[in-house]
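Written out below as structure tokens is the structure these notes cover.
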């Protein structure tokens, strides 16, 4: 059984119910705020919200951030199936999750991400889904990094040809010639610094700007057609 495809809440191992509290906050935000773009996923998404890059590039685009630290694919699947995307009408959803599924095979991770894309499309058939590539992790070459690279390779053909679904490469420039990752890009060799965020998410911002502009053009043309 592919655990990535089985919706699962996070076990409250700490005893403070934080994960469910965050999920409930997202439910409230989805009812209270209008968003053109929703980011949903793991710690990479969550941490983005606390950077200058988020404030400078994404806040002006009317974005909501539904990222939770350490989330796996099955956790995001549970959140989506339990209301986080039910009261919103975004134009674009940015989905980034999978880096924490390192106990799964690359094929299982790919299939889990595809499952998420399909569930999102069931709820929002007209939304544009942007899937950034998974980032490398660890200061030195390691098996988890190799697995995530393989996921990116498998995911590209799995998403190609799907209407309004686009993968965007954000993992370029992090692994240096000697195979190491700099703490100037990822302060703990997983989460991004401000400069690392800019390197990774500027391509996402450029794509969002393009898609939002195209949408405005289509809307302008609709009345005269």
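Read-outs: derived from the displayed coordinates by stated rules, not from any lab. These numbers come from a predicted model, not from an experiment. Glycine gets a Cβ as well: all are built from the backbone with ideal geometry, and neighbour counts include every protein chain shown.
Assorted remarks:
- Candidates 196, 112, 173: whichever shows maximal mean-square fluctuation once the chain is modelled as a Gaussian network with Cα springs under 10 Å: 173
- Cα-based convex hull, the chain, per residue volume (Å³, whole number): 131 Å³
- Size descriptor, Kirkwood hydrodynamic radius, that averages inverse alpha-carbon separations across the stretch 46-107, Å: 13.3 Å
- Kirkwood-Stokes translational diffusion coefficient of the stretch 1-115, alpha-carbon pairs, 25 °C, 0.890 mPa s, µm²/s: 169 µm²/s
- The modelled label-to-label distance for the pair residue 180/residue 55, using points 7 Å beyond Cα in the direction of Cβ, is 3.2 nm.
- Candidates 97, 37, 165: whichever shows maximal mean-square fluctuation once the chain is modelled as a Gaussian network with Cα springs under 10 Å: 165
- Reported to the nearest whole Å, the Cα centre-to-centre distance from the stretch 118-178 to the stretch 6-42 is 22.
- Relative contact order of the chain, pairs being alpha-carbon contacts under 8 Å that are 6 or more residues apart, as %: 20 percent
- Residues 197, 4, ranked from the fewest to the most other C-beta atoms within 10 Å, line up as 197, 4.
- Over the stretch 73-194, the pair-distance histogram of Cα-Cα distances with 10 Å bins from zero comes to 13, 41, 32, 13, 1 percent, rounded to whole numbers.
- As a calculated quantity, the FRET efficiency between residue 1 and residue 150 at R0 = 22 Å, using C-beta atoms, amounts to about 0.60.
- Under Stokes-Einstein, with the Kirkwood radius over Cα pairs as Rh, the value for the stretch 141-214 at 20 °C and 1.002 mPa s is 153 µm²/s.
- Look at 176, 110, 137 and count the other Cβ atoms within 10 Å of each Cβ; fewest to most, that gives 176, 137, 110.
- Comparing mean-square fluctuations of 32, 118, 166 from a GNM of the chain with C-alpha springs under 10 Å, the top value falls on 32.
- Scaling the Cα radius of gyration of the stretch 60-142 by the globular reference 2.2 N^0.38 Å produces a ratio of 1.15.
- Taking the helices alone, the chain has a mean residue ellipticity at 222 nm of -13500 deg cm²/dmol, built from -39,500 (n - 2.57) per DSSP H run of at least 4 residues and averaged over all its residues.
- Nearest-0.05 FRET efficiency for residue 34 and residue 11, computed from C-beta distance (R0 35 Å): 0.55
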